[in-house]
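The values are calculated or read from the model by the stated rules, or taken from the named source; none is laboratory data. Here the structure is a predicted model, which means the values were calculated and not measured. Positions of Cβ are generated from backbone atoms using ideal geometry, with glycine treated the same way; all protein chains shown enter the neighbour counts. Ligands, DNA and RNA are excluded from the accessible area calculation, which covers all protein heavy atoms including side chains. Shrake-Rupley method; radii C 1.70, N 1.55, O 1.52, S 1.80 Å.
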Protein chains: 2
Amino acid sequence: MKLGTLKDGSRDGRLVVVSQNLRRAAVAVPPAATLQAALDRWMQTAPGLRAQYAELNAGTASNAFDLDLRQLTAPLPRAPQWLDASAFHSHGDLMEKVFGLDPPPDKLQIPLMYQGASDDFVGPYDDMPLPSEADGIDFEAEVGVIVDRVPMATSSAAAGGHIKLLTLINDASLRTLAGREIRTGFGFLQSKPASSFAPVAVTPEELRGAWQDYRVHLQVKVSWNGRWFGHPHAGQMGFGFDQLVAHAARTRNLSAGTVIGSGTISNNDYRVVGSACIAELRGIETLDRGKPVTGYMKFGDSVRIEMLDADGHSVFGAIEQRMVSASGRPHRDEA
Amino acid sequence: MKLGTLKDGSRDGRLVVVSQNLRRAAVAVPPAATLQAALDRWMQTAPGLRAQYAELNAGTASNAFDLDLRQLTAPLPRAPQWLDASAFHSHGDLMEKVFGLDPPPDKLQIPLMYQGASDDFVGPYDDMPLPSEADGIDFEAEVGVIVDRVPMATSSAAAGGHIKLLTLINDASLRTLAGREIRTGFGFLQSKPASSFAPVAVTPEELRGAWQDYRVHLQVKVSWNGRWFGHPHAGQMGFGFDQLVAHAARTRNLSAGTVIGSGTISNNDYRVVGSACIAELRGIETLDRGKPVTGYMKFGDSVRIEMLDADGHSVFGAIEQRMVSASGRPHRDEA
């Protein structure tokens, strides 16, 4: 099943069921007007949504319409929590080398994870407003899961069952600010502006054989200003999402709709397959040539992030967006 | 004006106006059923709430009732963001010494701040369920502000005007987990379980002369199992809340209802005035005697946090709660 959220001027948008080929959609029948409402009572709402999805794919849904993916905002325009890991060891190892950081001795046992802002997510084709090019604007292509309610201290064994949906995320990052924030020990805050999301979130069975060990065994395709940047494989995660969810829930409840990210996708052979963020390429350049050569993004630059299944079809639709200056833009009204 | 949230079984509770002496309350007249709804349109909702508050204090409110503060949950049972600073330098300096951390060279210019969970706040008299005593259970008494919508890159000069309410917070902390999380550079996650809040939030003018330089110039009174633990003065903040709000909004929008905390209240003469968290006392013991002597909280232990005005009256009502084991407790249903 594939689900999206139609922009309708409201804060949470309108839940739609999206066809497997991403070309048709149907407004979800009550009782779930929003994806958040569906997740709050998933056991009750999922069966009806699945039935709608089957009708939509069969061409028998009465209220179906042709979908332009640009009609969609983030599947959850806001979420109760957004917790992002750094679960690809090839990326972490490289960053430690470049920045001369001491690796946590138990880094293969305990995931790295921070909490980011979840109240202002950006849609897949929407511009991403940022205050300054000097902050070192970067993208990070990653996979994320959306859970139903996870009670505190849920085990890894039980955590996997709470994963209801998967999606793609652009965890935009401001690298000039990140180094200082890591060194303080308090972690990322200003260096992590709003994140953006793929047009749809899909249930795990939609991935068929590519969902194994609570990992997505597919490549992510990343391009910057229309040029190939990387296609690392998301299956190389050092932790499964079951472990990430359990880590997040160790001392807190996770409300339904909590989003947990993999961290930037990265592979050991990053010199061959490329990267999913500029910081990684700059790290490679620093190792190989003594200093970074590639600059960060400029205002007007665009990034495209997509994941294709074994048949070459887009699973989540693409994130495709420009970084733009926040100054002078009209702000959303308080009401 | 003082505002609270009546427990009514719903996720966001029911907004009430609370009398200055905390003894009477009245359900807020429409259009604001919840504090979040009031903050979303503060310019439109605040005048009516102020009028109700005046009637309540004058004894002329038609729908007033005798209030037991235990009827109240956190003023915002959930919030769009919860960003917590460490704005008292005496505390930071001590922790750096004890843990042998390198102080950030610009720590007097740039606040330390992390993002915590804001989807599951705990009421002032409610038990705080936690997974294990071995995690090093601590309290942290602090002041917090609640803002209306703050657009990205708002200056400190403009940020102060976005502060609509103030309250007291118990930023419960799990110290055994915190040291590792600081050393990874990713910051606090498992070491920061759900936070709890005082019964009411108050508008700045309610503090009269005690609200100066965007700081609350009053002592916080902290007791542990009924015994005095400290009464540090909150006016010694190294940054004003205007600066903290601007720091938080540097690269992101803050939705109305975002809560920003001061970090544990601490004074230079902590050996005289005591502390607002156990970790600080243990730090002093480590400096003075070579090792910490005081243990952390046990299940069943209670903490009480309150702030009195110049006349000795409680400003926010008290936080008074027990730490309890989460295991075996019934979990809130997903619906």
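List of remarks:
- When A:Ala134 is tested against the conditions (1) touching a residue at least 60 places away in the same chain (Cβ under 8 Å); (2) open to solvent by 10 Å² or more (accessible area, probe 1.4 Å); (3) among the aliphatic types (A, V, I, L, M), the lone failure is (1).
- Residues of region A:104-123 that are touching a residue at least 12 places away in the same chain (Cβ under 8 Å) and part of a loop (DSSP other than H, G, I, E, B): A:Lys107, A:Leu108, A:Ile110, A:Pro111, A:Leu112, A:Ala117, A:Ser118, A:Asp119, A:Asp120, A:Phe121, A:Gly123.
- All positions within region B:121-142 that are at the interface with chain A (Cβ under 8 Å from one of its Cβ atoms) and under 12 Å from B:Lys192 (Cβ atoms): B:Leu130, B:Asp135
- Within region A:179-202, considering residues that are of a type in the set (Gly, Ala, Ser) and over 25 Å from A:Ala74 (Cα atoms), the one surrounded by the most Cβ atoms within 10 Å (Cβ to Cβ): A:Gly187
- For region B:80-91, a residue qualifies if it is open to solvent by 10 Å² or more (accessible area, probe 1.4 Å), closer than 19 Å to B:Arg175 by Cα and at the interface with chain A (Cβ under 10 Å from one of its Cβ atoms), and exactly one does: B:Ser86.
- Checklist (1) surrounded by fewer than 17 Cβ atoms within 10 Å (Cβ to Cβ); (2) touching a residue at least 24 places away in the same chain (Cβ under 8 Å); (3) in contact with a Lys or Arg (Cβ under 9 Å, 6 or more places away or on another chain); (4) not in a strand (DSSP E or B) applied to B:Phe65, failing item: (4)
- Spans of strands (runs of 3 or more DSSP E) in region B:128-174 with at least 2 residues within 23 Å of B:Arg50 (Cα to Cα): B:141-147, B:163-170
- Only one of the listed residues (A:Pro77, A:Pro31, A:Pro111, A:Pro104) is modelled with pLDDT under 95, within 14 Å of chain B (Cβ to nearest Cβ) and crowded, with 18+ Cβ neighbours inside 10 Å. That residue is A:Pro104.
- Filter result (out of contact with any helix residue (DSSP H, G or I) (no Cβ under 8 Å at 6 or more places or on another chain) and open to solvent by 60 Å² or more (accessible area, probe 1.4 Å)) within region B:260-287: B:Asp269, B:Val272
- Residues of region B:39-58 that are assigned to a helix (DSSP H, G or I) and within 14 Å of chain A (Cβ to nearest Cβ): B:Leu39, B:Asp40, B:Trp42, B:Met43, B:Gln44, B:Thr45, B:Ala46.
- When B:Asp171 is tested against (1) open to solvent by 10 Å² or more (accessible area, probe 1.4 Å); (2) acidic (Asp, Glu); (3) within 14 Å of another protein chain (Cβ to nearest Cβ), only condition (1) is not met.
- Residue in region A:84-104 that is under 28 Å from B:Ala153 (Cα atoms) and of a type in the set (A, V, I, L, M) present: yes
- Selection status of B:Met95, open to solvent by 10 Å² or more (accessible area, probe 1.4 Å), farther than 27 Å from B:Tyr125 by Cα and touching a helix residue (DSSP H, G or I) at 6+ places or on another chain (Cβ under 8 Å): yes
- Those residues of region B:288-316 which are aromatic (Phe, Trp, Tyr), out of contact with any Gly (no Cβ under 9 Å at 6 or more places or on another chain) and open to solvent by 10 Å² or more (accessible area, probe 1.4 Å), in sequence order: B:Phe299
- Strands (runs of 3 or more DSSP E) (entirely within region A:194-265) containing at least 1 residues that are modelled with pLDDT of 95 or more and within 14 Å of another protein chain (Cβ to nearest Cβ): A:259-261
- When B:Leu15, B:Leu101 are checked against the criterion of being farther than 30 Å from A:Arg11 by Cβ, not in a helix (DSSP H, G or I) and not hydroxyl-bearing (Ser, Thr, Tyr), B:Leu101 stands alone in meeting it.
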